[in-house]
Amino acid sequence: MRVYVPLTLPGLAEAHKAGEVGPGPLTAYAVTPALREWYVSDDIEELEYAALNRAAVASLRLLAVDPGVVRRRVVVALDVPDSAAVADPDRGLDPGALGEVRLADAVPLTKAAAVHVDSDDAEPDVSAAASALGAADQGDDDAQFTVDGAEDHELLWYATQEIPHLLGIGG
């Protein structure tokens, strides 16, 4: 099963140094029955894209609570056994938890299929979105518009071999 783990650039640096994404438990996003029902599509690529976008929103939330980090959303796509990703049945239809799964343990970075990261030019919009997230959660329409502005930026795809370059630490 492909799961999408939200991180920040410092979180990616920690994963790179440790050789694993963790420690567990980890919150990730995947194509769950609830996500399928919500998205109403049978196209697995569309469903995985929806799960990736859910993880991107979770990455934005990580940025919102850590104002000192570079304002770029980061999502690591990992391949794990189906049994490793567990959806909480009590939260299955909660709109905020669509596609959410738990991974009990750390996952070796060798299981990563790709890393998705905002481009440098997305930073101003991502920064504004992270700052507006609290107000958007409280129902402020202008703040929600600002948060949605971050979603206008597609996350770029990187091979796992490019992680050192993303982190600025060389080969």
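Overview of values
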read-out: Shape parameters for the chain, alpha-carbon atoms, Rg then Dmax in Å; value: 15.4, 45
read-out: Of the DSSP H helices in the chain, those whose Cα atoms cover at least 24 Å axially and whose Kyte score averages 0.0 or more; value: 44-64
read-out: Among ALA150, ALA30, ALA159, residue whose mean-square fluctuation peaks in a GNM of the chain (springs only between Cα atoms under 10 Å); value: ALA159
read-out: Extension gain from HIS165 to VAL70, taking 0.36 nm per residue of separation minus the Cα-Cα distance; value: 32.7 nm
read-out: Point-charge dipole on Cβ atoms (K/R +1, D/E -1) for the chain, about Cα centre, debye to 20; value: 720
read-out: Computed E for ASP90/PHE145 - FRET, C-beta separation, R0 41 angstrom, nearest 0.05; value: 0.80
read-out: Dipole of region 99-171, positive end: most advanced residue of VAL117, LEU103, ALA143 [Cβ charges, Cα centre]; value: LEU103
read-out: Region 32-54 and region 104-169: distance between their alpha carbon centers, rounded to Å; value: 19
read-out: Helical contribution to [θ] at 222 nm, DSSP H n ≥ 4, -39,500 (n - 2.57), averaged over the chain, rounded to 500; value: -12500 deg cm²/dmol
read-out: Exposure proxy order (Cβ contacts within 10 Å, fewest to most) of THR32, THR27, THR146, THR110; value: THR110, THR27, THR146, THR32
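Where a number appears in this text, it was derived from the coordinates with a stated rule and is not lab data. If you're wondering where the values come from, they're calculated on a predicted model, not measured in any experiment. Heads up, the Cβs are rebuilt from the backbone with ideal geometry, glycines too, and the neighbour counts pull from every protein chain shown.
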